[in-house]
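What follows is a single structure, written as structure tokens, with notes after it.
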Amino acid sequence: HDAKGLLIAAVKDDNPVIYIEHRWLHNIYGEVPEVMFEVEIGKARQVTQGKDLTIVTSSYMTLECMKAAEILKKDNIAAEIIDLRTIKPLDETAILESIGKTGRLLVVDGAWQSFGVSAEVIALAAEKLHSQLKSAPARVAFPDAPTPTSRALANHYYPRAIDIYNAAAKILDLKPRTEEQLGIKHDVPLDVPDASFTGPF
């Protein structure tokens with residue numbers, strides 16, 4: 001839905017638009033209207049509603065955040081996921097309204113940690129809502145290192161639901177847990193989204 005709506009909006013926009021899609025999303029299915037429609041550029045989407053924690057994310061990481069939110073539900077934690085959709089313009093209103101409600105912020109970014117979207121979102125929260133934050137904001141992102149092609153190194157590189165869960169747990173003063181404790185199993189290697197994916201990494 002968003003892929004079609006945002007692409008149409010990008011084509012019809014009078015300004016230059018850079019449209020980036022994550023290849024791991026190519027096999028994701030959903031309901032998409034056959035008619036022409038636009039998803040407003042600069043408008044975030046509230047994926048889930050919650051009162052305990054705001055998770056700001058985008059692209060493929062939204063799916064991992066949804067998995068983590070389901071696990072948090074078992075701990076009676078309601079996480080509100082905000083899918084940015086676009087990063088410039090950034091939907092500051094959606095971000096700040098959610099943080100104002102939950103008082104806690106976790107940013108999950110499918111990019112390097114330093115000097116990226118996660119830093120900008122945390123800076124926004126610190127500048128606009130410092131007094132309303134119940135705990136220090138946190139982020140989950142790629143380490144500041146080149147993307148590995150080795151499967152052994154990839155296991156320590158790409159963020160996944162367990163990393164998001166444990167980052168949220170730290171914010172909420174919960175105990176960290178392992179994938180084994182949570183019953184999470186991987187049918188394919190960490191750097192492979194599904195069985196149909198054949199490379200190059």
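The values are calculated or read from the model by the stated rules, or taken from the named source; none is laboratory data. The model shown is predicted, which means the values in this text are computed figures rather than measured ones. Glycine gets a Cβ as well: all are built from the backbone with ideal geometry, and neighbour counts include every protein chain shown.
Go through the residues of segment 96-114 one by one and say whether even a single one is under 13 Å from the mean Cα position of the chain (by Cα), on the phi > 0 side of the Ramachandran plot and modelled with pLDDT of 95 or more. No, because not a single residue in segment 96-114 is under 13 Å from the mean Cα position of the chain (by Cα), on the phi > 0 side of the Ramachandran plot and modelled with pLDDT of 95 or more.
Per-residue answers, yes or no, for (1) within 25 Å of residue 181 (Cα to Cα); (2) of a type in the set (Asp, Glu); (3) more than 18 Å from the chain's Cα centre (by Cα):
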| site | (1), (2), (3) |
| --- | --- |
| 22 | no, no, no |
| 31 | no, yes, yes |
| 45 | no, no, no |
| 53 | yes, no, no |
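Each residue in segment 157-192 was checked for being closer than 18 Å to residue 52 by Cα and either in a loop (DSSP other than H, G, I, E, B) or among the basic types (Lys, Arg) (or both), and 6 of them qualify. Does residue 70 satisfy the criteria of being of a type in the set (Asp, Glu), part of a helix (DSSP H, G or I) and under 11 Å from the mean Cα position of the chain (by Cα)? Criteria not met by residue 70. Note on segment 73-93: among residues that are acidic (Asp, Glu) and assigned to a loop (DSSP other than H, G, I, E, B), the one that is modelled with the lowest pLDDT is 75. Looking across segment 14-31, the residues that are within 14 Å of residue 86 (Cα to Cα) and surrounded by 11 or more Cβ atoms within 10 Å (Cβ to Cβ) come down to 17, 19, 21, 22. Residues in segment 108-156 that are under 18 Å from residue 22 (Cβ atoms), hydroxyl-bearing (Ser, Thr, Tyr) and either not in a loop (DSSP other than H, G, I, E, B) or not assigned by TED's automatic domain parsing to the domain that holds residue 57 (or both): 118 alone.
Applying the criterion of being of a type in the set (A, V, I, L, M) and free of Cβ contacts under 8 Å to residues at least 24 places away in the same chain to the residues of segment 42-98, the residue that is surrounded by the most Cβ atoms within 10 Å (Cβ to Cβ) is 69. Within segment 152-161, if we keep just the residues that are of a type in the set (A, V, I, L, M, F, W, C) and more than 13 Å from the chain's Cα centre (by Cα), the residue that is surrounded by the fewest Cβ atoms within 10 Å (Cβ to Cβ) turns out to be 152.
Close Cβ contacts (under 9 Å, 6 or more residues apart or on different chains) running from residues in segment 9-29 that are farther than 18 Å from residue 58 by Cα and of a type in the set (A, V, I, L, M, F, W, C) to residues that are at pLDDT 85 or above and assigned to a loop (DSSP other than H, G, I, E, B) comprise 11/17; 11/19. Restricting the first member to segment 131-155 and to residues that are farther than 20 Å from residue 64 by Cα, and the second to residues that are of a type in the set (Lys, Arg), the beta-carbon pairs closer than 7 Å and six or more apart or on different chains are 134/104; 135/104.
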